[in-house]
Amino acid sequence: MQEQEPNKEPQRQGGGENGFNWKGLILLFIAMSLFALAIWSKSFSDASRNLTYAEFEEMVKAGKIQVDPKAEPAKLLRLVQKDGSAKQYLTGWYEVENPGENGGNKYSEFTTPVILEYVGDDLKALLAENDLQISDLPTDSDGVGMMMMSFYMPVFFLLILLYFLFRHQIKAAGKGAMSFGKSKAKLMSMDKGKVTFKDVAGIEEAKEEVWEIVEYLRDPKKFQKLGGRIPKGVLMVGSPGTGKTLLARAIAGEADVPFFSISGSDFVEMFVGVGASRVRDMFEQGKKSAPCLIFIDEIDAVGRHRGHGMGGGHDEREQTLNALLVEMDGFDTQEGVIIIAATNRPDVLDPALLRPGRFDREIRVGLPDVKGREEILRVHAKKVKLAEGVDLGVIARGTPGYSGAELANVINESALLAASKGLKAITLAEMEEARDKVRWGKERRSLALSDKEKENTAYHEAGHAILNELLEHTDPLHKVTIIPRGPALGVTMFLPLEDKYTHRKYELLDDLVVAMGGRVAEEIIFGDVTNGASGDIRQASNIARKMVCSWGMSDDLGMVEYGESQEPVFVARDIGSQRTYSEATAQKIDDEVKRLIDEAYAKATKLINENRDKLEAIAQALLLYETINGSHVKEIMEHGDIQNPPDVPTPPDLPAEPETAPAAAEEKKDHGGEDFSGELAPA
């Protein structure tokens, strides 16, 4: 999608495309040429040789003075006299001894100063004896005056051109300074790279709501005959990466009206009043192009709640917001200008901006469900080459909570993985690896861990896996790995059968038990614990506290909300908020949270002790194969071992070392460095 500036005036003032000053460059070139011409004419005028009167007298007697009126140029003996001066100059041509040194010219020009008051008679006699005569007696205006004019005229023109050049630059700079208040909204052109609703998937309800706007712009009479009025503003709200900006680009591709795009941060400048001026200019441009659409991305940068600033009362952002409020629905409302804005922080927006008449409609762009994720994957898979038989539904079911941007990244990462392996098409294995890489990070197979740490990680993950299989209200186990990925040394992955929007109490209690499994397995097997369960403890604490404070799942505290909402904090607004319950209630909350976690820990300890042999079988399988699937864990739980074992992993090939590698390796050993060329240890 190409972009073009609707306001071309500053570029023409600047002198050309992209603000390049061609006119000033041409004037400067002419000025420098005239200056060079002046220098050349001065040097040319000084090219004649200066002879003393004695040297001139010797040349006359030697017959070297040349007089030839028919020559080109005419070679004449002249007497140049300045007005009001007793000093005159004889000019003429003389024969040179070495024509090669004179550029091949046989004759050269000379100048001889004379004072006729003293040598007048001798000069007449000398010229008469050698049959020479002075042709004329030019004045200063004919001789030296012409010579001086040939020097000063280019300088005069140079000064005139420099005057116009600086005048043009000052005028352009002045107009550029005045353009601070001009809107930076860009008019979207649909020449190429056009995005339509076919390119937007997974947010069908949002597409239906904005499609009404497109239909209204195409056929307004269809709605006006029933008295309907199109919304003046549409606010798209959603998490980052859900497709708000992509949906706005699709509206631009579908609507046959001008579409202006601007970011909320483009209004705010260091100069006072610039933001409000840009708002007014943006609506003025929209009024000239009405009906039109104006898209403001990240409107929270300019639409933040008024009166909650941390500084003084006069805020440039507030003045910009006031101008936006007036332009959207004030006394001078711009008809036919529809505002579409996007934000992921609606909680910080000013209430006056959200009222009907300004943003009449709020469209929630949420995370896609399993069907939407599959549609998004199909849209992005059109740009890559998939192998036959790749089921995108499997990836869609395995990516709960992924946004549209993350799903696009999964497709891109899978293409990069397939290309690095030299494959001709993307298989399901690359898709699953890319999915795990986007969410948890890349496998760190090169991380060197001791045998003790590998064993501890294997039992830790086995504790999670065995409890997930033993408990009833848990999601199916997908796979378990002890290969470090991201910040984790091992990962146990669960794959729900369907998207979940609610969580039952028994499911949450079982989740607490599974979270305790890793710590319990370490304590039972080794009689000691590590700090590797910090993430599990954090997750369990969050679940237990929400059960008590937000979800009313505590019999002792009942269905009462304790504490603040879980929305993102707006410091300027929430800095003075206080707790809404007493210290005694806070102590009860802490006791209830601890009770839930302690009961989960006790239940996890009981179950693992009863199935210790299966725990050790899962851990040994992890040490051998590094990664096992949920089906392998089921086989261990039912038969005691894996019936269909996976392939034993082999270390990846290391890149070829340079010729100086042996010396470098020896130096590394001398300094105590580790040699990673051996078997890669699982984590």
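Cβ-Cβ distances below 6 Å connect the following pairs, each with a first residue in segment 443-456 that is surrounded by 12 or more Cβ atoms within 10 Å (Cβ to Cβ), a second residue that is modelled with pLDDT of 75 or more and not acidic (Asp, Glu), and a separation of six or more residues or different chains: Glu443/Ile483; Glu443/Arg485; Arg444/Pro484; Leu447/Pro484. Comparison of Ile466, Ile483 shows that the only residue that is open to solvent by less than 40 Å² (accessible area, probe 1.4 Å), in a loop (DSSP other than H, G, I, E, B) and touching a Gly at 6+ places or on another chain (Cβ under 9 Å) is Ile483.
Criterion first (closer than 13 Å to His460 by Cα and either open to solvent by less than 70 Å² (accessible area, probe 1.4 Å) or modelled with pLDDT under 90 (or both)) does Ala544 satisfy it? For Ala544, the condition - closer than 13 Å to His460 by Cα and either open to solvent by less than 70 Å² (accessible area, probe 1.4 Å) or modelled with pLDDT under 90 (or both) - is not met.
Screening Val390, Val394, Val379 for residues that are surrounded by 17 or more Cβ atoms within 10 Å (Cβ to Cβ), over 26 Å from the mean Cα position of the chain (by Cα) and at negative phi leaves exactly one candidate, Val390. Scanning segment 397-442 for residues that are among the polar types (S, T, N, Q) and outside any loop (DSSP other than H, G, I, E, B), which turns out surrounded by the most Cβ atoms within 10 Å (Cβ to Cβ)? Among those residues, the one meeting the criterion is Ser414. When Arg519 is tested against (1) in a helix (DSSP H, G or I); (2) of a type in the set (Lys, Arg); (3) surrounded by fewer than 19 Cβ atoms within 10 Å (Cβ to Cβ), exactly one condition is not met: (3). Scanning segment 554-563 for residues that are surrounded by 13 or more Cβ atoms within 10 Å (Cβ to Cβ) and either modelled with pLDDT of 90 or more or under 45 Å from the mean Cα position of the chain (by Cα) (or both) gives Tyr562, Gly563.
Does segment 246-261 contain any residue that is in a strand (DSSP E or B), touching a strand residue (DSSP E or B) at 6+ places or on another chain (Cβ under 8 Å), open to solvent by less than 20 Å² (accessible area, probe 1.4 Å) and among the polar types (S, T, N, Q)? So far as segment 246-261 goes, no, none of its residues is in a strand (DSSP E or B), touching a strand residue (DSSP E or B) at 6+ places or on another chain (Cβ under 8 Å), open to solvent by less than 20 Å² (accessible area, probe 1.4 Å) and among the polar types (S, T, N, Q). Count of segment 292-326 residues, restricted to those that are assigned to a loop (DSSP other than H, G, I, E, B), at pLDDT 80 or above and either open to solvent by 50 Å² or more (accessible area, probe 1.4 Å) or of a type in the set (Ser, Thr, Tyr) (or both), is 1.
Inspect segment 128-143 for any residue being modelled with pLDDT under 60, part of a helix (DSSP H, G or I) and open to solvent by less than 70 Å² (accessible area, probe 1.4 Å) and give the result as yes or no. No, segment 128-143 has no match at all. Within the option set Asp510, Asp536, being farther than 16 Å from Ile618 by Cβ, in a helix (DSSP H, G or I) and in contact with a Ser or Thr (Cβ under 7 Å, 6 or more places away or on another chain) holds for one residue only, Asp510. State yes or no: is Asp46 open to solvent by 60 Å² or more (accessible area, probe 1.4 Å), modelled with pLDDT under 65 and closer than 19 Å to Ser135 by Cα? No.
Is it fair to say Arg579 is surrounded by fewer than 18 Cβ atoms within 10 Å (Cβ to Cβ) and modelled with pLDDT under 90? So Arg579 passes the test.
The values are calculated or read from the model by the stated rules, or taken from the named source; none is laboratory data. This structure is a prediction, so every number in the text was calculated from the model and none was measured. Note: ideal-geometry Cβ built from the backbone for every residue, glycine included; neighbour counts use all protein chains shown. Just the protein is used for accessible areas: all its heavy atoms, side chains included, with ligands, DNA and RNA removed. Shrake-Rupley method; radii C 1.70, N 1.55, O 1.52, S 1.80 Å.
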